[in-house]
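See below for the structure under consideration.
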Amino acid sequence: MPETDYLKIPQNRIGALIGKNGGVKKSIEDATGVILDIDSDEGTVYIEPSENMEDPLGVWNANHIVKAIARGFNPEVALKLVSDDYYLEVISLPIYIGKSKKALARYKSRIIGTEGKTREIIMQMAEVDMAIYGKTVSLIGEMDNIMVAKEAIEMILKGSRHKSVYGFLERKKEDLKMKEFKDLVGIEDDKIEFKEGFEFDEKTLQ
């Protein structure tokens, strides 16, 4: 049986983890087959396998769901991590920009953009969910999409202009559409070429 796991999360995220009348806690337990023991005073969370836990990855999934909520995600979004197709990526901003509080605030603002525009564009174009909390930017989505969003964020952290980042996202979105099409029809990457001017849209897949 999987072992008990342990996490420490920010105290101001404990309420989000428990939810109204314990609703979020119960949803996580039901979805993963674990038991959550939450210490509100210490900000600690113990994750134990329940007797009827069927999924051997239940504790692992619950760990990532709890971690996602701790990093600022809405619990409903965090619960997507029950699916094998969804992953959590946590980007530590100080690794890229150092420990300066001014730099942290400046780059978080650049990632968010005016009235949240840049954040929304990254989320829509890369098809991911994003949470910006404390010194981290976190992503939830399918692995290929997370890698695109992460690269876009890294471009911003390295000083790229927003226009360049949006252009990169446009190109990557088309690449992902093409990959999806090839996977659907069972064609290897080097076995297909479209004539210049061919436009591929989502209706092709329907």
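Numbers for the structure displayed
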item	result
Residues satisfying the stated conditions in the stretch 1-34, i.e. in contact with a helix residue (DSSP H, G or I) (Cβ under 6 Å, 6 or more places away or on another chain) and among the hydrophobic types (A, V, I, L, M, F, W, C)	LEU7, ILE9, ALA16, LEU17, ILE18, VAL24, ILE28, ALA31, VAL34
Residue, farthest from GLN11 (Cα to Cα), within the stretch 50-78, restricted to residues that are touching a Pro at 6+ places or on another chain (Cβ under 7 Å) and assigned to a helix (DSSP H, G or I)	GLY58
Flag for TYR86 being under 21 Å from the mean Cα position of the chain (by Cα) and at pLDDT 95 or above	yes
Output for the stretch 27-49, where each listed residue is of a type in the set (Gly, Ala, Ser) and outside any loop (DSSP other than H, G, I, E, B)	SER27, ALA31
Filter result for the condition that a residue is in contact (Cβ under 8 Å) with a residue 40 or more places away in the chain, assigned by TED's automatic domain parsing to the domain that holds TYR96 and in a helix (DSSP H, G or I), over ILE156, ILE140	ILE156
Selection within the stretch 137-174 - over 28 Å from PRO75 (Cβ atoms) and of a type in the set (Asp, Glu)	GLU170, GLU174
Qualifying residue in the stretch 79-94 (condition: in a helix (DSSP H, G or I) and over 23 Å from ALA16 (Cα atoms))	yes
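Rundown of residues vs (1) more than 23 Å from ASP144 (Cβ to Cβ); (2) free of Cβ contacts under 8 Å to residues at least 24 places away in the same chain; (3) not assigned by TED's automatic domain parsing to the domain that holds ILE14, yes/no style:
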| site | (1), (2), (3) |
| --- | --- |
| TRP60 | no, no, no |
| ILE69 | yes, no, no |
| SER100 | yes, yes, yes |
| ALA105 | yes, yes, yes |
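Residues checked against (1) under 19 Å from the mean Cα position of the chain (by Cα); (2) free of Cβ contacts under 8 Å to residues at least 24 places away in the same chain; (3) under 16 Å from ASN74 (Cα atoms):
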| position | (1), (2), (3) |
| --- | --- |
| ARG13 | yes, no, yes |
| LYS20 | no, yes, yes |
| VAL24 | yes, no, yes |
| LEU36 | no, no, no |
| VAL45 | no, no, no |
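The values are calculated or read from the model by the stated rules, or taken from the named source; none is laboratory data. In this text, all values refer to a predicted model and were calculated from it rather than measured experimentally. Ideal geometry is used to build each Cβ from the backbone, glycine not excepted, and the neighbour counts take in all protein chains shown.
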